[in-house]
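Q: Before we start, here is the structure in question, set down as C-alpha cells.
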Amino acid sequence: QVQLVESGGGLVQAGGSLRLSCTASGRTFSTYRMAWFRQAPGKEREFVAVVRTSGGSTTYSESVKGRFTISRDNAKNTVYLQMNSLKPEDTAVYYCAAAAMITLIARRYDYWGQGTQVTVSS
C-alpha cells in the first residue's frame, strides 16, 4: 500500500512558477513509476508527466514540454513537478500517481494523491 500526499499548489500570475511535491509512504517508492496528472473543471483527467524508477527517463505531454520538469528523490520518497512559464490554461487540480509499470493512462495507475489546486491568473 502506498499513500501519496501532494503539496505546493496555489495562486500564481501567468508567467510565474510553482513547484509541486508529492511524498509517498512505504518502503517501495523507488519501484514505482511516478506521474503527475491534472484535471480542470468540466474536463477529463489528463496526463502531464511521468518519471521512471531511477529518475533518469521522463516523458511529458506536448502541452507542458519545455515548461515543466518532473524529478524524483528516492531517498526522500518524493516526486516533484517544477512548473515554469505558467499559463491560465494550466489551471487545474494536480494529482500525483504511482504505477507498477510505465503508462500514460490514468486508469492504470494504482495509487493517487488527493490533489492540489493550481490557479494561474491572467
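Q: Checking the conditions here, which among T91, T23, T58, T28 is within 15 Å of T119 (Cβ to Cβ) and open to solvent by 20 Å² or more (accessible area, probe 1.4 Å)?
A: The conditions single out T91.
Q: So, one more: Taking the conditions exactly as written (buried (at least 18 other Cβ atoms within 10 Å of the Cβ) and either modelled with pLDDT of 95 or more or touching a Phe, Trp or Tyr at 6+ places or on another chain (Cβ under 7 Å) (or both)), does V12 satisfy them or not?
A: no
Q: Something else now. Give me the residue from the stretch 86-108 that is at pLDDT below 95 and not aliphatic (A, V, I, L, M) and, out of that set, farthest from V5 (Cα to Cα).
A: If we take residues in the stretch 86-108 being at pLDDT below 95 and not aliphatic (A, V, I, L, M), then T103 is farthest from V5 (Cα to Cα).
Q: May I ask you to verify whether G42 is of a type outside the set (A, V, I, L, M), surrounded by fewer than 17 Cβ atoms within 10 Å (Cβ to Cβ) and in contact with a strand residue (DSSP E or B) (Cβ under 6 Å, 6 or more places away or on another chain)? Can you show your working first?
A: Numbers: of a type outside the set (A, V, I, L, M): yes; surrounded by fewer than 17 Cβ atoms within 10 Å (Cβ to Cβ): yes; in contact with a strand residue (DSSP E or B) (Cβ under 6 Å, 6 or more places away or on another chain): no.
Criteria not met by G42.
Q: Looking only at residues that are part of a loop (DSSP other than H, G, I, E, B), of a type in the set (D, E, K, R) and out of contact with any helix residue (DSSP H, G or I) (no Cβ under 7 Å at 6 or more places or on another chain) in the stretch 28-78, which one is farthest from D110 (Cα to Cα)?
A: R67
Q: What single numbered condition from (1) open to solvent by 60 Å² or more (accessible area, probe 1.4 Å); (2) in contact with a Ser or Thr (Cβ under 7 Å, 6 or more places away or on another chain) fails to hold for T119?
A: That leaves (1) as the condition not met.
The values are calculated or read from the model by the stated rules, or taken from the named source; none is laboratory data. Treat the numbers as computed from the prediction; the structure is a model and nothing was measured. Note that we place each Cβ from the backbone using ideal geometry, even for glycine, and neighbour counts take in every protein chain shown. Protein only, heavy atoms only, side chains kept; ligands, DNA and RNA dropped before computing areas. Shrake-Rupley method; radii C 1.70, N 1.55, O 1.52, S 1.80 Å.
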